[in-house]
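Notes follow the structure.
The values are calculated or read from the model by the stated rules, or taken from the named source; none is laboratory data. If you're wondering where the values come from, they're calculated on a predicted model, not measured in any experiment. Virtual Cβ from ideal backbone geometry, glycine too; neighbours counted across all protein chains shown.
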């Protein structure tokens, strides 16, 4: 996998949130022109993007803010069992410490608790900025 894309309204807040999670900003630019619209099927478009890299360097997260055309749907607060994009899951070393870092950036645990899966993982889903659904997993072994 090269990257996962998430469309946001407030690009700066999303960059801050994912930076606090441990990702680093690889670059930020505006993508526009006929070629870009041909790829997405949207026609003429102008999109500000930020590429965030995971700490291990194996994956990236593309955060996009559409300048034009206007955003036509909003799925940010869709429930966990909605069709389509669900969430992105990150492995973390210390779940409690990660949550403390993310709370000032608006992170809220979905079910108000961290769940243990056997002797393997501590897990939770959180809502980040704009309601983005993120999973966090801490390996126990």
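Can you list the strands (runs of 3 or more DSSP E) lying wholly within the stretch 40-141 that have 3 or more residues being touching a residue at least 24 places away in the same chain (Cβ under 8 Å)? Step through it out loud before you land on a result.
Details: elements: 46-53, 60-68, 88-91, 115-117, 121-127, 133-139.
Ranges flagged: 46-53, 60-68, 88-91, 121-127, 133-139.
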I need a count of the residues in the stretch 103-117 that are out of contact with any strand residue (DSSP E or B) (no Cβ under 7 Å at 6 or more places or on another chain) and surrounded by 15 or more Cβ atoms within 10 Å (Cβ to Cβ). 2
If you go through the stretch 1-39, how many residues are free of Cβ contacts under 8 Å to residues at least 12 places away in the same chain and within 30 Å of residue 98 (Cβ to Cβ)? 1
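Do we have residue 6 as at pLDDT 95 or above, assigned to a strand (DSSP E or B) and surrounded by 15 or more Cβ atoms within 10 Å (Cβ to Cβ) here?
Against the criterion (at pLDDT 95 or above, assigned to a strand (DSSP E or B) and surrounded by 15 or more Cβ atoms within 10 Å (Cβ to Cβ)), residue 6 does not qualify.
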Looking at the structure I just gave you, is residue 97 over 18 Å from the mean Cα position of the chain (by Cα) and at positive phi? no
Qualifying positions in the stretch 122-141 - surrounded by fewer than 17 Cβ atoms within 10 Å (Cβ to Cβ) and in contact with a helix residue (DSSP H, G or I) (Cβ under 9 Å, 6 or more places away or on another chain): 123, 137
Taking the stretch 9-39 and keeping residues part of a helix (DSSP H, G or I) and surrounded by 14 or more Cβ atoms within 10 Å (Cβ to Cβ) leaves 11, 13, 14, 15, 16, 17, 18, 19, 20, 21, 36, 37
